[in-house]
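Values quoted throughout were computed directly from the atomic coordinates according to the rules given, and no laboratory measurement underlies them. If you're wondering where the values come from, they're calculated on a predicted model, not measured in any experiment. Cβ atoms come from the backbone with ideal geometry, glycine included; neighbour counts cover every protein chain shown.
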């Protein structure tokens with residue numbers, strides 16, 4: 001006898017690299033610059049008008065008039081222009097509801113170049129090879145992209161399994177397309193795997209309470225104690241990066257104050273960005289593979305509720321009260337930022353839910369100083385950064401410091417100290433019959 005599981009709607013994104021010709025690259029660059037300019041013009045128009053005259057219909061009419069009067073804005077498809085307006089209005093809604101800051105001017109050098117394709121039917125995706133697919137980009141034409149994931153296209157597409165749109169994004173490695181995919185899948189059964197506590201660290205990226213630690217095999221620090229910013233690059237790539245940095249320093253010496261950056265210097269900057277982007281891609285790939293393995297193996301994952309923004313604050317202090325060990329703290333801040341703990345927790349959150357598991361957070365204070373064997377916080381037990389030796393009489397437990405913290409994290413969850421999110425508190429209020437905070 002088989003039982004049918006309930007189905008649920010799932011929305012996710014898939015990013016693929018585009019193979020463009022030089023002419024297509026110029027067309028997409030022009031579209032991205034037109035979209036950025038349209039945002040800036042819309043922002044100026046919106047902020048200069050009185051509040052009683054601001055409306056979505058008036059903004060739409062202003063965009064249509066601008067496309068008629070300014071020729072080079074016509075390179076941007078009409079649907080992409082409407083997407084700019086929709087994104088801008090949503091940005092103001094997020095600001096009014098306290099979720100984000102007010103939208104502002106988009107500068108040319110500090111803004112990610114992107115173009116939105118809001119309708120999936122305009123893409124006309126087709127698979128032509130085991131490694132390649134073809135997609136139609138409005139006003140650019142047919143473009144090849146790397147096929148690395150099965151997409152609901154052709155006969156596999158229907159009203160519930162389809163691609164709803166895409167977004168073109170440019171980084172240091174070139175143009176990419178991010179598909180918005182909507183599918184309907186059966187909800188996973190509850191994961192029956194074991195419980196595990198995870199401590200995120202610098203020397204050991206992910207320490208697990210059962211000893212199955214996850215390391216990327218790259219030292220976080222150089223022999224001199226400095227943070228290895230380029231640990232995801234191989235020796236040849238590190239040597240090339242050092243040569244490019246020296247070349248950029250020499251060429252900056254010949255540029256006067258206020259002079260425009262030369263093409264040679266800008267080309268050197270682009271090469272440095274490509275190496276940095278390659279290192280970032282390798283780090284994200286390791287995070288995806290590691291978190292997928294953890295979500296598939298464990299049914300309950302427990303992590304610390306870390307305030308990373310407070311952990312990476314500078315130790316410079318003020319003129320009256322200067323900080324101590326500023327250089328060492330700066331290196332530690334860079335190492336923490338490179339490990340991207342917040343991104344790891346985000347991946348674990350949706351991957352555990354996809355596999356039928358759960359993720360919980362526990363308070364972080366004291367997890368690295370408390371002994372996981374006796375439960376006491378004895379001064380002097382954490383003299384070494386990598387080793388924990390309990391100084392409590394009658395205990396004397398010793399082991400890896402990150403492993404000790406991971407065991408404490410799991411123990412806090414088992415003792416009922418898991419934190420409840422805002423959504424969880426709302427569910428608890430409804431189940432208890434309490435009135436919402438807004439109605440009190």
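Relative contact order of the stretch 1-187: 33 percent, from C-alpha pairs under 8 Å at least 6 residues apart in sequence. If a spin label sat at a point 7 angstrom from the Cα of residue 260 along the line to its beta carbon, the backbone N atoms of the stretch 108-152 nearer than 18 Å would be those of 108-110. Stretching residue 60 away from residue 30 to a fully extended chain increases their span by 8.6 nm, per 0.36 nm per residue minus the current alpha-carbon distance. When 210, 285, 228 are sorted by how many other C-beta atoms sit within 10 angstrom of their C-beta, beginning with the fewest, the order is 285, 210, 228.
Rounded to the nearest 0.05, the FRET efficiency derived from the C-beta distance between residue 183 and residue 391 at R0 = 51 Å is 0.40.
Overall form of the stretch 19-102: oblate. Here a/c, set by the Cα gyration tensor axes a ≥ b ≥ c, is 1.5 or more, and a/b is not larger than b/c. Express the Stokes-Einstein translational diffusion coefficient of the stretch 1-187 in µm² s⁻¹, to the nearest whole number, given a Kirkwood radius over alpha-carbon pairs, 37 °C and a viscosity of 0.692 mPa s. The estimated diffusion coefficient comes to 179 µm²/s. Select one label from (1) 32, 26, 23; (2) 42, 32, 25; (3) 58, 36, 22: the one whose number is semi-axes √(5λ) of the Cα gyration tensor in Å as derived from the coordinates shown. Correct label is (2). Each of 267, 88, 413, 298 was scored by other Cβ atoms within 10 Å of its Cβ. Arranged with the fewest first, they read 267, 88, 413, 298. Shown for 41, 390: other C-beta atoms within 10 Å of each C-beta, ranked fewest to most, produce the order 41, 390. Mean residue ellipticity, 222 nm, helices only, the chain: the sum of -39500 (n - 2.57) across DSSP H runs of n ≥ 4, divided by residue count and rounded to 500, is -13000 deg cm²/dmol. Oblate is the label for the stretch 227-355. Its Cα gyration tensor axes, ordered a ≥ b ≥ c, give a/c of at least 1.5 and b/c at or above a/b. Full extension of the chain between residue 350 and residue 11 gives 120.9 nm of extra length, using 0.36 nm per residue less the Cα-Cα distance. Available extension along the chain between residue 377 and residue 132 is 82.5 nm, counting 0.36 nm per residue and deducting the alpha carbon span. Taking a ≥ b ≥ c as the square roots of the eigenvalues of the Cα gyration tensor, the stretch 298-412 is classed as oblate, since a/c reaches at least 1.5 and a/b does not exceed b/c.
Diffusion coefficient of the stretch 195-427 by Stokes-Einstein, Kirkwood radius over Cα pairs, 37 °C, 0.692 mPa s: 161 µm²/s.
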